[in-house]
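Q: Here's a structure for you.
The values are calculated or read from the model by the stated rules, or taken from the named source; none is laboratory data. The structure displayed is predicted, hence computed values, not measured ones. Reconstructed Cβ throughout: ideal geometry from the backbone, glycine too, with neighbour counts over all protein chains shown.
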């Protein structure tokens, strides 16, 4: 138990028609303060996106989620949000919003390796 660290995560989802509240999961964002870890993993299924809405551009959504990656890693492309501390970046990305890209409420757990936990959650809730 000593080796385990607390982590928080949220599921990233696409909400094609916000007014209908229908969504599908496309990614996971995971944060661990002790491990200084903040990463996002995502995959948008084009076929599923087309089933929900043919009006939404795949490349635009993909570019927005790549911007989330830039913010997570603190890349200069992440702008001023990417310069914040890890915890602030996580809170900003997982804040409630009424846009096409949303995140679930945050959940927490214990893990030894955040990277493996990110992959496990991604496999369970996205793929």
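Q: From the residues in region 32-50 that are out of contact with any strand residue (DSSP E or B) (no Cβ under 9 Å at 6 or more places or on another chain) and more than 21 Å from residue 86 (Cα to Cα), which one is surrounded by the fewest Cβ atoms within 10 Å (Cβ to Cβ)?
A: Pass one, region 32-50, residues out of contact with any strand residue (DSSP E or B) (no Cβ under 9 Å at 6 or more places or on another chain): 36, 46-47, 50.
In the following step, the residues that additionally are more than 21 Å from residue 86 (Cα to Cα) were identified as 46-47, 50.
On the way: 46: 9, 47: 6, 50: 12.
Applying the filter and picking the extreme gives 47.
Q: For the list (1) in a helix (DSSP H, G or I); (2) buried (at least 16 other Cβ atoms within 10 Å of the Cβ); (3) under 14 Å from the mean Cα position of the chain (by Cα), I need the number of the one condition that residue 25 fails.
A: Residue 25 satisfies every listed condition except (1).
Q: Evaluate the following for residue 72: is it in contact with a helix residue (DSSP H, G or I) (Cβ under 6 Å, 6 or more places away or on another chain) and under 28 Å from residue 2 (Cβ atoms)?
A: Numbers: in contact with a helix residue (DSSP H, G or I) (Cβ under 6 Å, 6 or more places away or on another chain): no; under 28 Å from residue 2 (Cβ atoms): yes.
No: the conditions fail for residue 72.
Q: Right, another one. Filter region 83-116 down to the residues that are over 11 Å from the mean Cα position of the chain (by Cα), buried (at least 17 other Cβ atoms within 10 Å of the Cβ) and more than 28 Å from residue 3 (Cβ to Cβ) and list them by number.
A: 100
Q: What is the one condition in (1) in a loop (DSSP other than H, G, I, E, B); (2) farther than 22 Å from residue 125 by Cα; (3) at pLDDT below 95 that residue 35 does not satisfy?
A: (3)
Q: Here is a list of conditions, (1) assigned to a loop (DSSP other than H, G, I, E, B); (2) free of Cβ contacts under 8 Å to residues at least 40 places away in the same chain; (3) under 20 Å from residue 14 (Cα atoms), and residue 105 meets all of them except one; can you say which number that is?
A: Answer for residue 105: the failing condition is (2).
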